[in-house]
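A.B. asks: The structure's right below; bear with me while I get my questions together.
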Amino acid sequence: MQLRSKKYFVYSMGFHAAILCLLIFNLDTTSPLPVFENTNKQDVISAVILGDVTTSKIIKKPEPKPAPVAPKPVVAPIVIPKKVLPLPSHETLAKNLLNDINKTKKQQKKINDKKLQAAFKKHIKEQAEKSLRQQLFDEKIKLEATKSRESQGEVNKYKALILQAISERWIVPPQANKKLYCELMIRLAPGGMVLDVQVTKSSGDVSLDHSARAAVLKASPLPVPSDPDAFSAFRQFVLKVKPENVISTDT
């Protein structure tokens, strides 16, 4: 009896080992199989509910649905009603137009008045400047004329003195015709020193020409003005002489 129980026990253990290997092999590739459990009294087969194992490929657990997202509230734009202005009447439009025309005329009149005033001031200024220039020019002419008269008077004064100094030293040849004359160009240094005397126009009598030239050299230094401006007329001048008297000079 004991031998039979041992033999049964060995068969039972072998059978359970085979079942265990089969379960281990199927566990990696397919869904779990029912599990058999042996007891001493009787063989009891217990099964697992398909789908309880997370790796079960037969029954899958339903995936949780995402929570619904509440829609964003739509904010309607605030519309401010425009104030409708009443249209002006024809009389108002005509009145406004007339006011604009009058205003434009007044502005244009002011602009024209300013332009006229500016043009008038410019004209008065130009006339005043022109009158002043003319006055200055007239005064300058008068001053120059006065200076010229004074200068000419000074020249005439010293010319007479020079003619007198030459005539006092002129020895006229006895055979010379006293009605003949010659012209001499005389150059003087400041103070009246005679630098040169040349006969520019002969009298036709060589002895008369030489005597006139000698008289100018003997009279050196000739009387001249001390003022440099007045003396400038005597730096170089032409003197016309004849035996009767020294008749004139050309400066």
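Only the coordinates and a few stated rules stand behind these numbers; no lab work does. Keep in mind the model is a prediction, meaning the values are calculated, not measured. In this analysis, Cβ positions are derived from the backbone assuming ideal geometry, glycine residues included, and neighbour counts consider all displayed protein chains.
A.B. asks: In terms of the Cα gyration tensor, with a ≥ b ≥ c the square roots of its eigenvalues, is the range 143-209 rounded because a/c is under 1.5, prolate because a/b exceeds b/c, or oblate?
C.D. replies: Because a/c hits 1.5 or more and a/b exceeds b/c, the range 143-209 counts as prolate.
A.B. asks: Would you kindly compute the Cα radius of gyration of the range 154-251 and its largest Cα-Cα separation (Dmax), both in Å?
C.D. replies: Values for the range 154-251 (Cα only, Rg and Dmax): 12.7, 42 Å.
A.B. asks: At most 16 other Cβ atoms within 10 Å and a DSSP loop assignment: could you name the trypsin sites (Lys or Arg not before Pro) in the range 130-192 that fit?
C.D. replies: Here the sparse-neighbourhood loop sites are ARG169, LYS178, LYS179.
A.B. asks: Just to confirm a number: summing +1 for Lys and Arg and -1 for Asp and Glu over residues other than GLU129 whose beta-carbon lies under 14 angstrom from that of GLU129, what do you get?
C.D. replies: After counting each charged neighbour, the total is +4.
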